[in-house]
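See below for the structure under consideration.
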There are 2 protein chains.
Amino acid sequence: MTVTKGVFNSDHQRDYLKHILHLQQVSSPVATTALAEAMGVAPSSVTDMLKKLSRKGYINYRPYHGITLTGEGEKEAIKAVRRHRIVERFLTDMLGFEWHEAHEEALAFEHNISDEVERRMYVACNKPTVCPHGYPIPSSVEDTIVSGVPLYSLEPGQIARVVSVEDDEPDLLRFMDSLGIKPGVRIKVDGKDPFKGPMQAEIDSKKRTIGWHLANQVYVDKVS
Amino acid sequence: MTVTKGVFNSDHQRDYLKHILHLQQVSSPVATTALAEAMGVAPSSVTDMLKKLSRKGYINYRPYHGITLTGEGEKEAIKAVRRHRIVERFLTDMLGFEWHEAHEEALAFEHNISDEVERRMYVACNKPTVCPHGYPIPSSVEDTIVSGVPLYSLEPGQIARVVSVEDDEPDLLRFMDSLGIKPGVRIKVDGKDPFKGPMQAEIDSKKRTIGWHLANQVYVDKVS
DNA sequence: TACTGTATTTAGAAACATCTAAATATAATT
DNA sequence: AATTATATTTAGATGTTTCTAAATACAGTA
């Protein structure tokens, strides 16, 4: 007789759902390989897990044809995302971590806190609406939709304000930090090379050169 | 190739060491059955784990003759105890949990936080010296020694102050709470029955009856 | 000293996530 | 349409903790 924590036998299953939700917003259905890369495991491991998640009713799984979340799976995934972002806020707001550290620290223990601890962290941080990287703290599916456009889509002369920054690559986040790119910051595009070349921009009245990859991980709202 | 977190493959191993340290302070060497009961698993499961811990050098294990911690094992156990008590403090001080809730909530996620999160919790709580139940937050072995005497050892007429309260039975803790027994509280013994009967005491100028079991889980310093 | 009861360990099994290597299905190209 | 390349799944294995049931060791009593 093994003790089962809540609905899930394992915390990893929630992680899978979280990543499926994320990948699903880019392209659906989600491919095994894409999920394997996101989870940092071998594709065969993903296949095994997909069978389990499917059996439990969290995903629609057609072998060789990818997967989508069921209503139940989506609900669980959103709960996982919400929790992750609340824990990130707690780490930055209450323990003084930098925003680029928060993501990884949160991953380490977010699965193991109770709903009550999550609720209290949320309240103690004054019910924040976004995580340190600018993503909404969701209650439902609609809340998970990323607003804004990629920084790279702007043309020279345009001015924008940073809404959110992709949070899953700590090194990149640290680099963004050194460039002064954070939610809320104003960016003016000076120049842009065609064919995925770097772009030039003014951040906090300093001239910066920003690579294609990085500029596509920053979401902005156009100001003019 | 499995990813190993730090020194341990599993968080459970640290839990074993923590409980061995605790039991060792009552009687050494520690028996398999005692450890099994403390961990809430079958004795055979303990035997398996003892082999692993022994192979790794954390315990001295002589089959059929019990176990003791090695220097390395003691170091790890103390780290685990320290972390547990810091997390408890964090839960009561920063998230407003009751002291009888803190123990279980801490158990849920204490294994998964990084050393840095632990350090910051410690600092954010103003470097506390004791946990919510009155036990010291240890840096070395000496710090783990429980001071005071069991409440039950007092004689009628004596007055004492509560130092610490056994923390591993939430129901009992809740009951202590309802009696007003907490670290720092003053207790005056009014009467005491022989042969493990209940004792009468005055807590916060209210007359109380306290059972033998409970009175032995409360440690006090004699005032007069 | 032999017996008996308890403590402890072994044997055999389950459930979990993961891996590598091999087999198969699908998609793309010639 | 046949071939090739890629994506995906299956097969077989490892390592983790845990269990029950059976075997063994120890200790206390007759």
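The values are calculated or read from the model by the stated rules, or taken from the named source; none is laboratory data. Predicted model, so just to flag it, every value in this text is computed and none were measured. All Cβ positions, glycine included, derive from the backbone under ideal geometry; neighbour counts span all protein chains shown. Calculation scope for accessible area: heavy atoms of the full protein, side chains included, ligands and nucleic acids excluded. Shrake-Rupley method; radii C 1.70, N 1.55, O 1.52, S 1.80 Å.
Rounded to a whole number, what is D in µm²/s for segment A:75-144 from Stokes-Einstein with the Kirkwood radius over alpha-carbon pairs (25 °C, 0.890 mPa s)? Let's see the in-between values first.
On the way: Rh = 11.8 Å.
It comes out at roughly 208 µm²/s.
Using a probe of 1.4 angstrom, how much of the accessible area of segment A:162-220 is carbon and sulfur, in percent? The computed percentage sits at 53.
Mind listing, in residue-number order, the residues in segment A:107-132 that have at least 50 Å² less accessible area with every protein chain present than in their own chain alone (1.4 Å probe)? In segment A:107-132, residues shielded by partner chains: A:F109, A:N112, A:V117, A:R120.
Just to check, using Stokes-Einstein with a Kirkwood Rh over alpha carbon pairs, what's the diffusion coefficient of segment B:149-222 at 37 °C and 0.692 mPa s in µm²/s?
Details: Rh = 11.9 Å.
Rounded to a whole number, D works out at 277 µm²/s.
Could you tell me the total accessible area buried at the B-A interface, probe 1.4 Å, in square angstrom to the nearest hundred? If you can, show how the numbers build up before the last one.
Numbers: alone 12020 and 12020 Å², together 22570 Å².
The B and A chains share an interface burying roughly 1500 Å².
Placing a label point 7 Å from Cα along the Cα-to-Cβ axis, A:V223 is separated from the same position in the other copies by 6.3 nm, shortest listed first.
Normalised Debye scattering of chain B at q = 0.13 Å⁻¹ gives log10 I(q)/I(0) of -0.83, counting only Cα atoms as equal scatterers and leaving out solvent.
Label-to-label distance for B:D115 and A:R62 is 5.1 nm, based on points extended 7 Å past Cα in the beta-carbon direction.
Taking R0 as 45 Å, what FRET efficiency do you get between A:V141 and B:R55 from their Cβ-Cβ distance, rounded to the nearest 0.05?
Details: r = 49 Å, r/R0 = 1.09.
Working from the Cβ atoms, E equals 0.35.
In peptide A:84-96, what is the residue-averaged number of other protein chain Cβ atoms found within 10 Å of each Cβ?
What the average comes to for A:84-96 is 2.
Put simply, the amide H of B:D190, placed in the peptide plane, has neighbours under 5 Å in B:G157, B:Q200, B:A201, B:E202, leaving out anything fewer than 5 places away on its chain.
Ranked from shortest, the separations from the 7 Å Cα-to-Cβ label point of B:K206 to its equivalents in the other copies are 6.1 nm.
Distance check, please: which entries in B:K18/B:K56; B:K75/B:K182; A:K127/B:K127; A:K18/A:K52; A:K79/A:K127; A:K182/A:K207 exceed 18 angstrom between their Cα atoms?
Working: B:K18/B:K56 16 Å; B:K75/B:K182 29 Å; A:K127/B:K127 27 Å; A:K18/A:K52 15 Å; A:K79/A:K127 16 Å; A:K182/A:K207 16 Å.
Beyond 18 Å: B:K75/B:K182; A:K127/B:K127.
Highest GNM mean-square fluctuation among A:P138, A:P194, A:P156, for chain A modelled with Cα contacts below 10 Å: A:P194. With semi-axes defined as the square roots of five times the eigenvalues of the C-alpha gyration tensor, the equivalent ellipsoid of the protein assembly as shown measures 50, 27, 20 Å, largest first. With one equal scatterer per alpha carbon and no solvent term, the Debye-computed log10 I(q)/I(0) for segment A:102-189 at 0.18, 0.19, 0.25 1/Å reads -0.95, -1.04, -1.40. Summarising the amide proton neighbourhood of A:Y135: residues at separation of 5 or more, or on other chains, whose placed amide H is nearer than 5 Å comprise A:V165. Take the solvent-accessible surface of the protein heavy atoms, probe 1.4 Å, and return the percent of it on segment B:1-135 that carbon and sulfur atoms account for. C and S fraction of accessible area: 51 percent. Each other copy places its own label point for A:V41 at 2.2 nm from this one, sorted shortest first, where the point lies 7 Å along the Cα-to-beta carbon line.
Per residue, the accessible area of segment B:113-164 comes to 45 Å², computed with a 1.4 Å probe over protein heavy atoms only.
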